[in-house]
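Student: Have a look at this one.
Readers should treat all values here as calculations from the given coordinates under stated rules, not as data from a laboratory. Values in this document were obtained by computation on a predicted structure and should not be read as measured data. As a convention, Cβ positions derive from the backbone with ideal geometry for all residues, glycine included, and neighbour counts pool all protein chains shown.
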Amino acid sequence: MFAKVFVLLAALPAVFSLTLDTPTNVTSGLVSNVTWTATDDDPTFTLELNHPSFGNSLALANNVNPTSGSPLNIEWPIVPADSGYTLSAVNITDINTVFSTSGSFSIAQAPTTGVSASVSTTFTVSSSSGVSASVTGSSGSTTGTSSAGTSASGTSASAASTTSTSSSFNGAVSFKSGNSAVLVAVLSAIAGAAFYL
């Protein structure tokens, strides 16, 4: 009779006292603490993030020691801002064995960074029928220079452009012309380029 009772008790699942606390002030992409209470008998676990929209849970931390790991700094994954998220502490070899589940909590939207641009254009007309223009700006990835002018044999133009990986645009354009049609065409091109930036 004693053997039958022992076999019956061995077949019952172990009861763990691990209790995950419900996270607060969670923002997608940022770091915050996850806390819990545990005893020396609680096993190592994997911490998973759950949401009704997920096909599967997202593992946040593996092989977490319940007696020495609280609080645990978690960098939250980028997920949709919503409520209804929960955490689960699951068996490291069988994720279907759940030791503890937190209460439902919300995750706020990930912080965003702003993009700004600044462009200035200067046109100068000199008394010797020369026109010059310069365009400078920031928040781009190209630098270049162009020039056009008239010579004894006709109109000449030259351009040079380079591309860099920096995050600033510095360009200067200089024009000198006695031919107003060429000047209008070139200035229209500059205005279009400045508008495109």
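Student: Give me the net charge of residue 47's neighbourhood, meaning all other residues with Cβ under 14 Å from the Cβ of residue 47; Lys, Arg count +1, Asp, Glu -1. Don't jump to the answer; show the numbers that get you there.
Tutor: On the way: positive: none; negative: 21, 42, 48, 75.
Neighbour charge sum, excluding residue 47 itself: -4.
Student: Less than 14 Å Cβ to Cβ from residue 32, Lys/Arg counted +1 and Asp/Glu -1: what total charge do the surrounding residues give? Spell out each step's value before the answer.
Tutor: Values: positive: none; negative: 21, 75.
It works out to a net charge of -2.
Student: Students often check this: by mean Cβ neighbours within 10 Å, which of 47-58, 85-96 ranks highest, and how do the rest follow?
Tutor: Numbers: 47-58: 14.4, 85-96: 16.0.
Those peptides, ordered most packed to least, come out 85-96, 47-58.
Student: So what are the radius of gyration and Dmax for the Cα set of region 13-108, in Å?
Tutor: Over region 13-108's Cα set, Rg and Dmax evaluate to 12.6, 37 Å.
Student: Per 0.36 nm of contour for each residue apart, how much would the distance between residue 101 and residue 30 grow if the chain were fully extended, relative to their Cα-Cα spacing? Write down the numbers at each step before the final one.
Tutor: Numbers: separation 71, 0.36 × 71 = 25.56 nm, distance 2.17 nm.
Gain on extension, residue 101 to residue 30, equals 23.4 nm.
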